[in-house]
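What follows is one structure encoded as structure tokens, with my remarks underneath.
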Amino acid sequence: MKPYYPALIGLLKSTQPEGGNLLEIGCGEGAFLVYAKQNGLRFSGYDIHEHAGLDGGRASRLHHRLTRAGIPSEDARFVGSEEPIPRDTASVDGALSIQVLEHVADLGQLFREIQRVLKPGGTAIHYFPTRRILIDPHSGVPFCHWSQTWRRRLLRVGAFLGKYPAYRKTRGYSHGQFVEEFDRYLERMVHYRSLAEIVELSKACGLSTQLTCLLPARFGAHLHSVCQFFTSVVLIQRKSVCAAGSRLCAA
Ligand SMILES: C[S@@+](CC[C@H](N)C(=O)[O-])C[C@H]1O[C@@H](n2cnc3c(N)ncnc32)[C@H](O)[C@@H]1O
């Protein structure tokens, strides 16, 4: 369980209808799907085949984990990155993504798909780091994602401050391998964006947008611009109840 799961559950319970049809986007190996079930929320999930680090065992680890937790393995599946979200139009009450937005190459496509699958009035919650975060959460190295020119040098110098000691212990990585792997990973698989860019894109896709961070509500609503330097922030998107075709808007 990740330390932010309880706060996400709290946020979900305050924004989602009870018994709603909930979808996790980029569910990885299903850790949150299981945690959500243990905490009274039934999610289904999907992820894409092509993400780096995907090995043949990922799908079977996911399905094994779900089955052990009593979740039908059909509740999670993998699709191609160009494929639409595997859900019908206006069928989802709520969607969630955790540490996914910064990996999505075409965020406009994902937001348009979210707008399509959400029911009118439905919400999507995204927990993700922005470009401003001081420590790149993937490598654990400060500032290395801020400059393409300096990235390799920063990874080399900062490796010991970051995840290198853990990678050396668990995977036998050399210092050079660590630098090489994260240089490539940050280049190809991570697409940091600013909050302004994300908010603009979200609105352009017809989703109203609210930002917060996982602090007690009275702080969280105002501190996202500061929080983003230290941790991931939360974007809440809402599809208008007046979306095209809604009977409420017919008048
Ligand atoms: C850092 S992992 C997080 C996985 C999981 N959410 C977790 O918290 O353990 C990022 C995930 O985003 C997924 N991803 C990347 N692009 C995606 C896209 N366009 N649609 C859905 N998932 C995507 C990757 O396959 C990967 O599983």
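Numbers for the structure displayed
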{"quantity": "The chain - charge dipole about Cα centre, Lys and Arg +1 at Cβ, Asp and Glu -1, debye rounded to 20", "calculated": "620 debye"}
{"quantity": "R0 of 30 Å, Cβ-Cβ distance Gln210-Glu74: FRET efficiency to nearest 0.05", "calculated": "0.35"}
{"quantity": "Local net charge near Tyr185, Cβ-Cβ under 13 Å (Lys/Arg +1, Asp/Glu -1)", "calculated": "-1"}
{"quantity": "GNM flexibility winner over the chain from Tyr127, Tyr173, Tyr185 (Cα, springs under 10 Å)", "calculated": "Tyr173"}
{"quantity": "Degrees between helix 57-68 axis and first principal axis of the chain (Cα, 0 to 90, nearest 10)", "calculated": "50 degrees"}
{"quantity": "Estimated Rh, the chain: Kirkwood, alpha-carbon pairs, angstrom", "calculated": "19.2 Å"}
{"quantity": "Sites Ala166 and Val241, calculated FRET efficiency, Cβ-Cβ separation with R0 35 Å, nearest 0.05", "calculated": "0.15"}
{"quantity": "Lysines with Cα under 22 Å of Lys239, excluding same-chain neighbours fewer than 8 positions away", "calculated": "Lys13, Lys119, Lys203"}
{"quantity": "Listed residues Asp93, Asp136, Asp55, most fluctuating in the chain (Gaussian network, C-alpha, under 10 Å)", "calculated": "Asp55"}
{"quantity": "Label point distance in nm, Glu180-Asp106, each placed 7 Å from Cα along Cα→Cβ", "calculated": "3.2 nm"}
{"quantity": "Rh by Kirkwood over Cα pairs, then Stokes-Einstein D for region 1-49 at 1.002 mPa s and 20 °C, µm²/s", "calculated": "192 µm²/s"}
{"quantity": "More than 16 angstrom apart: percent of Cα pairs within region 134-191", "calculated": "30 percent"}
{"quantity": "Sequence of Lys2, Lys119 once ranked by neighbouring C-beta atoms within 10 Å, starting from the fewest", "calculated": "Lys2, Lys119"}
{"quantity": "Peptide ranges 195-201, 155-161 listed from the most packed, as the mean C-beta count within 10 angstrom indicates", "calculated": "155-161, 195-201"}
{"quantity": "Region 157-214 versus region 84-154: alpha-carbon centroid distance in Å", "calculated": "11 Å"}
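All of the numbers you see were taken from the coordinates with simple rules; none came from a lab. Bear in mind the structure is a predicted one, so any value in this text is a computation, not a measurement. Note that each Cβ is placed from the backbone with ideal geometry, even for glycine, and that neighbours are counted across all protein chains shown.
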